[in-house]
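Rule-based calculations on the coordinates, nothing more; no lab input. Keep in mind it's a predicted model, so treat the numbers as computed, not measured. As a convention, Cβ positions derive from the backbone with ideal geometry for all residues, glycine included, and neighbour counts pool all protein chains shown.
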Amino acid sequence: MVSRRASLVSILLALIIVTALALSGCQSLTGDRGVAPLPGGDGASSTGEGTGGAGSSSSKGVPSDLQYDRGGRTGESKEAQPASQAKTPPMVIRDKTLSMQVESVRKTLAKLNDMTAKYGATITNTRISSQGGGVVPLPEEEQAPRRTQDDNGPLNGTVVIKVPASKFDAFSRQARKLGKIQSESESAEDVTQQAVDMRARLKNLRAEEAAFLRFFRAAKTVNELIRIETQLARVRGEIESLQAQLELLQSRVALATLTLELSEPSDIVSPGGTNWGVGAAFSQAIRNFVRVVNFLIMMTGALLPLLILGALAAWVLRWFLRRFLGRKAES
């Protein structure tokens, strides 16, 4: 009897041990598997995919996984950003203006054309004007050894040149030799931080675009497709606008701007020696005399009514005084 009870107890203990081992094994298997992620590594759970699709977890129709932080980069450590910024080379926009006096504006322009071809620069704007306000002579009219200045006077010119940043200093030194420098100004704007911010925003927007594309492919309903497509169009528009701004900024950094203000010297006496200005002086004297006479005539016409009234008042006063004094003397 005792042996039977012992055997029953041992059987019960064995069953309890087997059951405990089975339960512990099931728990370990469940803990190792967890929740399987969606294909593509977007971080959505299989439960979320089966119940809500790609766009059911956000109040605006955008999944919660796509609510990116606009101030930082998704999936990137914020501590790594200063290191990337430190490695960015400096980006500086340079502008210089030189005002100089040259012997001939046309000849200086020809020399500038040769210089731009040598340094890989480009003339983006050219303007030539005459100080006298007359017609600007053509290049073939200046082929004579020395142009006779007429009413047009000497020429002025403004030239804007885009020069590669690496050759800007050398080009500026050569340009200074073309004439006598009268004034000089230069500015430099550091846009390194602005470029770094643009690249960070572009990286964030491209990551957001890629995530929207994954959710677009995983969408289950037409409503989800429309909502995600709207957000995708918005992100792509921001990417194109930001990319254009970054390219413009990079082009301004790569090409420095040099502005040359050219002017020709004025001759005191006409080079031909036939016109000393005496006739012009007499003509001007006659014009001044006529102006003075015209002014006197105008003043006389304006003052004539007052003179008439003054004379009439004086005559009345004189008549009154004579009559009053005459009566007084008789009395």
Q: Compute the distance in nm between two label points, each set 7 Å from the Cα along the Cα-to-Cβ direction, one at THR221 and one at GLN245.
A: 3.6 nm
Q. What FRET efficiency do you get for LEU309 and ARG173 if R0 is 56 Å and r is their Cβ-Cβ distance, rounded to the nearest 0.05?
A. 0.10
Q: Using only the alpha-carbon atoms of segment 156-301, report the extent along each of the three principal axes, biggest first, to the nearest angstrom.
A: 97, 55, 25
Q. Taking R0 as 35 Å, what's the FRET efficiency between LYS107 and ARG236 from their Cβ-Cβ distance, rounded to 0.05?
A. 0.10
Q) When you count, for each residue, the other Cβ atoms within 10 Å and take the mean per peptide, how do 169-177, 304-312 rank with the highest first? A) 169-177, 304-312
(Q) Between LEU321 and ARG206, what is the label-point separation in nm under the 7 Å Cα-to-beta-carbon projection? (A) 10.6 nm
Q. Taking R0 as 35 Å, what's the FRET efficiency between GLU186 and ASN294 from their Cβ-Cβ distance, rounded to 0.05?
A. 0.05
